[in-house]
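The values are calculated or read from the model by the stated rules, or taken from the named source; none is laboratory data. Values in this document were obtained by computation on a predicted structure and should not be read as measured data. We place every Cβ from the backbone using ideal geometry, glycine too, and count neighbours over all the protein chains shown.
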Ligand SMILES: [Ca+2]
Ligand SMILES: [Ca+2]
């Protein structure tokens, strides 16, 4: 398969400060170790103790406000800045570096590419969830993840339904679904995980204006979001802004937050 590297670092330079309060999404990915190429103790012995088959979970909190940018050719990609990451897998979690990483860790972006990334040479299209998580930890220098579906020529991929943070994704559709953690000292050594599950949740979707509270102002904000077809309109998380989202907003409002 011809690999196309999506310009994720370019996205970071174009991430603008959101004009309104952040809309927060959490994405949980279930992973399993499928390859362990760590052959030295350079990573503190943490990664090298993970046998194939070890189960883990990657938990990413992202700013759901869109930051789209034009890429090369006709691709359309949105990048969401990562607010928090936690990762647990076997002995990594028992090594004293588990759970929520310090806020100073330089997490980058999670980006979604949906249908519009065109490989002009092979005439294929791509759906992709990609992230680069640069962790300032001695035992994990760098991680990257990609869940990606390449279409056949003339066909559209179906992994994602939009550029909105997905509530779920059918990973069986993906042609690449890897989380790679490289050694801090020698990047030739790495552990490869494969994703086998994914779930996304928007925290407090009824708080449409993102001020951290539920109030009647969120009704006006939802109307505005509906009229402008903004992501905040989608209260039932079906990736579509429709009148059904009004009753969904009422439900989310009545359900409260936190
Ligand atoms: Ca509000
Ligand atoms: Ca909807």
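Please enumerate the residues belonging to region 230-258 that are within 11 Å of ligand 2 (Cβ to nearest atom) and assigned to a loop (DSSP other than H, G, I, E, B). Listed by number, the residues that qualify are 234, 235, 236, 237, 238, 239, 240, 241, 242, 243. Can you find a residue in region 214-231 that is outside the structural domain of residue 34 (by TED's automatic domain parsing), at pLDDT below 85 and under 18 Å from residue 25 (Cα atoms)? Looking for residues that are outside the structural domain of residue 34 (by TED's automatic domain parsing), at pLDDT below 85 and under 18 Å from residue 25 (Cα atoms), one finds at least one in region 214-231, hence yes. Condition check: free of Cβ contacts under 8 Å to residues at least 60 places away in the same chain, closer than 26 Å to residue 51 by Cβ and away from ligand 2 (no atom under 16 Å from the Cβ). Does residue 172 satisfy that? Here the answer is yes, as residue 172 does meet what is asked.
Residues of region 216-229 being away from ligand 2 (no atom under 12 Å from the Cβ) and buried (at least 20 other Cβ atoms within 10 Å of the Cβ), which ones? Matches in region 216-229: 218, 221. Restricting 156, 160 to residues that are within 16 Å of ligand 2 (Cβ to nearest atom) and either in the same structural domain as residue 131 (by TED's automatic domain parsing) or farther than 24 Å from residue 53 by Cβ (or both) narrows the list to 160. For region 46-80, taking the residues that are under 12 Å from residue 165 (Cβ atoms) and at pLDDT 80 or above, the one that is surrounded by the most Cβ atoms within 10 Å (Cβ to Cβ) is identified as 79.
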